[in-house]
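Each remark here refers to the structure printed beneath this line.
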Amino acid sequence: MAERKINPILKQVLELGPTVVFFLIYMRIKDETYNLGGIDYSGFIVAALVLVPLLLAAIFILWLLTGSISRMQIFVGVMVVVFGGLTAWFNDERFFKMKTTIVYGTFAVILGIGLLRGKSLLQWVMAEALPMKPEGWMILTRRLTGMFAALAVANEVIWRTQTTELWVKLETFAMPAALFLFLMVNFMTLQRYMIEEPEDKT
């Protein structure tokens, strides 16, 4: 079933809103400690637990409005639930920080496996939204595989060596912005591989 179009601003709010809310909650309660069920939880862990239902609700609303959910949204949702649960169960914020490494690392591995087989799995996922020649898809896939791997490594270095507050800021804003700029630059440099839609001469 084809995806129904919705207001692009609403779509962005639903896709990015939960992460921004997580950031705002964390900044508000980062120095607080909350006793839940006889266990003390840091403000970070409480903010991370709030993110889980927010993200699931946003994905559900997107599905209701568009009639479809992307594989990436499903995967990210599962990762947030799993690592949010581990974070709460073990009362250890490191699990939630590892989530970003595993998400980016998994994307890099999946795309890399496709490249080893001589295929662009990125083309399989995005071909309808972005018509492009196979050569262009292979170039973009190789570059994006490297970018995802670099983001995974960067996340590991940051959360292991920097403060939680800095990690939250970079994970919320810097990494998505870097990925967005990377894609924009590549789309511009790969224009010669784009397939133009035929004009309707009716």
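When you scan the stretch 29-66, how many residues do you find that are in contact (Cβ under 8 Å) with a residue 60 or more places away in the chain and either basic (Lys, Arg) or over 20 Å from residue 82 (Cβ atoms) (or both)? Break it down stepwise before answering.
Here is the first cut: in the stretch 29-66, the ones in contact (Cβ under 8 Å) with a residue 60 or more places away in the chain are 30, 44, 65-66.
Of the ones still in play, those that are also either basic (Lys, Arg) or over 20 Å from residue 82 (Cβ atoms) (or both) are 30, 65-66.
So the count comes out to 3.
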ask   = If you go through the stretch 154-192, how many residues are surrounded by fewer than 14 Cβ atoms within 10 Å (Cβ to Cβ) and β-branched (Val, Ile, Thr)?
value = 5
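Pick from 41, 26, 34: which is outside the structural domain of residue 156 (by TED's automatic domain parsing), farther than 26 Å from residue 151 by Cβ and in contact with a Gly (Cβ under 9 Å, 6 or more places away or on another chain)?
Values: 41 fails: in contact with a Gly (Cβ under 9 Å, 6 or more places away or on another chain); 26 fails: farther than 26 Å from residue 151 by Cβ.
When all the criteria are applied, what remains is 34.
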key: Cβ-Cβ under 9 Å pairs, at least 6 apart or on other chains, the stretch 159-177 side outside the structural domain of residue 23 (by TED's automatic domain parsing) and assigned to a helix (DSSP H, G or I), far side surrounded by 13 or more Cβ atoms within 10 Å (Cβ to Cβ) and small (Gly, Ala, Ser)   = 164/42; 168/47; 170/154; 175/154
task = Mind telling me which of the residues 136, 84, 105 ends up being surrounded by fewer than 19 Cβ atoms within 10 Å (Cβ to Cβ) and either in a loop (DSSP other than H, G, I, E, B) or out of contact with any strand residue (DSSP E or B) (no Cβ under 6 Å at 6 or more places or on another chain) (or both)?
result = 105
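Out of all the residues in the stretch 52-95, which are in contact with a Ser or Thr (Cβ under 7 Å, 6 or more places away or on another chain) and either within 27 Å of residue 125 (Cα to Cα) or among the acidic types (Asp, Glu) (or both)? Working first, answer last.
First pass over the stretch 52-95, keeping only residues in contact with a Ser or Thr (Cβ under 7 Å, 6 or more places away or on another chain): 93, 95.
Matches in the stretch 52-95: 93 only.
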query = Since residue 58 meets every condition but one in (1) touching a Lys or Arg at 6+ places or on another chain (Cβ under 9 Å); (2) assigned to a helix (DSSP H, G or I); (3) small (Gly, Ala, Ser), which condition does it not meet?
reply = (1)
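The values are calculated or read from the model by the stated rules, or taken from the named source; none is laboratory data. These figures come from a predicted structure and were not determined experimentally. Note that each Cβ is placed from the backbone with ideal geometry, even for glycine, and that neighbours are counted across all protein chains shown.
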